[in-house]
1. Of all residues in the range 126-157 being modelled with pLDDT under 95 and surrounded by 24 or more Cβ atoms within 10 Å (Cβ to Cβ), which is farthest from the ligand (Cβ to nearest atom)?
2. Just give me the residues in the range 371-389 being crowded, with 19+ Cβ neighbours inside 10 Å and without any contact (Cβ under 8 Å) to a residue 40 or more places away in the chain, in sequence order.
3. Which condition breaks for Ala411 when tested against (1) hydrophobic (A, V, I, L, M, F, W, C); (2) surrounded by fewer than 21 Cβ atoms within 10 Å (Cβ to Cβ); (3) at pLDDT below 95?
4. Just to confirm my filter: which strands (runs of 3 or more DSSP E) fall fully inside the range 212-286 and include at least 2 residues that are assigned by TED's automatic domain parsing to the domain that holds Asn184 and among the β-branched types (Val, Ile, Thr)?
5. Keeping to the range 33-55, report how many residues are among the aliphatic types (A, V, I, L, M) and either within 12 Å of the ligand (Cβ to nearest atom) or over 26 Å from Ala406 (Cβ atoms) (or both).
6. Please go through the range 402-427 and give me each residue that is outside any helix (DSSP H, G or I) and aliphatic (A, V, I, L, M), ordered by number.
7. Conditions: (1) away from the ligand (no atom under 15 Å from the Cβ); (2) crowded, with 24+ Cβ neighbours inside 10 Å. Gly213 meets all but one. Number of the miss?
8. Just to be sure I understand the filter: pairs with C-beta atoms under 7 Å, separated by 6 or more residues or on different chains, first member in the range 32-43 and on the phi > 0 side of the Ramachandran plot, second member in a loop (DSSP other than H, G, I, E, B) and surrounded by 14 or more Cβ atoms within 10 Å (Cβ to Cβ). Which pairs pass?
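The values are calculated or read from the model by the stated rules, or taken from the named source; none is laboratory data. All of these numbers come straight from a predicted model, not from anything done at the bench. We place every Cβ from the backbone using ideal geometry, glycine too, and count neighbours over all the protein chains shown.
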Amino acid sequence: MNMQHSQRLFERALAVIPGGVNSPVRAFGAVGGQPPFIAQADGARLRDVDGNDYIDYVCSWGAVILGHAAPVVVQAVRAAATRGLSYGAPTAAEVELAETLCRLVPGLERVRLVNSGTEATMSAIRLARAATGRKVLVKFAGCYHGHADSLLVNAGSGALTFGVPSSPGVPSELAALTLTAPYNDLRAVEVLFADRGAEIAAVIVEPVAGNMGCVLPRPGFLEGLRQLCTAHGAVLIFDEVMTGFRVALGGAQARFGVTADLVTLGKVIGGGLPVGAYGGRADLMEQMAPAGPVYQAGTLSGNPLATAAGLATLSQVQQPGFYEQLEQTAATLTAGLQAAADAAGVPFCTVHVGGMFGLFLRPTPPRDLVEAQQADVAAFGRLFGALLAQGVYLAPSAFEAGFVTAAHDTAVIAATIQGARDAFAAR
Ligand code: KE4
């Protein structure tokens, strides 16, 4: 595979950008080799600067759900751009996007648009601390909620991938206010509440964990967190930056029937442009400036291009059968990958929910970070490289989820499965 232009670009990038990338996991540090630099994308496929084509299962880390360069989204962004790129003043599109989110996301009585998932979770935590007058936050080992200081404690995703789940630069005084428990371990959370319940402002959880691979909530886990937070006056925050509009139209709240006090969103709601959001109970959200005293702001929050892309995307996902088809695509893909691994005698398992999935080089799906880390990470790196050579582009880390879009049709899935058969055979 000719990669000379990517290699040259990576050399240039390394001279001016730390690690040559603007987000660590993109650097392929966990899987070896150098990243292809992408020139364009269409539907389910990426094309790099050397003309190599790949079937994409990163999909901008879940932000792309219709397929790359979906005409309805491109046209909406183009039209918005001709009217100016950003005003820093209220627009109708922000109201329409907020109304759409409040209509489709359970429990969303008020919502604030921001520019990233990190901003969303950072703001939700500030609000929870202000509303309760408490300081302590509970999160789960292996869950990733963006790179705000309080959340870079036992974090997943790239932090886990590169072995810095608790980042330098986060003051120990602040990190001490973040307690962690194993994902799916309700008993551990009960103990934290028994010991420090009067101090706990919020519990933040990925209702499907997508940053240590893809780990499903065990029956009763989310319901138990709901009960504990209600009993102790703590704010339950569902971080649905990844699961929102990915696992169901109403996200994980709708899929699992548990309503949080605050929900964070991102990725899909921006259709590939920078949008995050946080929202939930009106009595909480009305404490945010300028309605209330808790401050949060953003120059480009709700900007016309991002809201245009988000509205165009959400108009399509509401089509009848959209999520049924997406789930069927993920099911067909993961079943085919499992069959390819079984045929090669490779210890391997898959998980899928809605339009996201996980792959693990271990025989059974993990229930928490410890079990996820028992997967054969080196074998994943080899499989990643073999699949890339077959033109299949997975997330370059054993601790990430994969994503499908409406553009991943039967031919794309069949080609992927064939590539996997060849990759497993070539290992
Ligand atoms: P951003 O700040 O990256 O928009 O969102 C942070 C975030 C918050 N919550 C969840 C559940 C998330 O998955 C994320 C970001 N996801 C990663 C992928 N695992 C982004 C990819 C990257 O960091 O490059």
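1. Per the criteria, the residue is Ala155.
2. Passing the criteria: Glu371, Leu387.
3. With respect to (1) hydrophobic (A, V, I, L, M, F, W, C); (2) surrounded by fewer than 21 Cβ atoms within 10 Å (Cβ to Cβ); (3) at pLDDT below 95, Ala411 is out only on (3).
4. Values: elements: 235-239, 262-265, 276-280.
The strands (runs of 3 or more DSSP E) meeting that bar are 235-239, 262-265.
5. Number satisfying all stated conditions: 1.
6. Once the filter is applied, which keeps residues that are outside any helix (DSSP H, G or I) and aliphatic (A, V, I, L, M), the range 402-427 yields Val404, Ala406, Ala407.
7. Exception for Gly213: condition (1).
8. Gly43/Gly67; Gly43/Ala407
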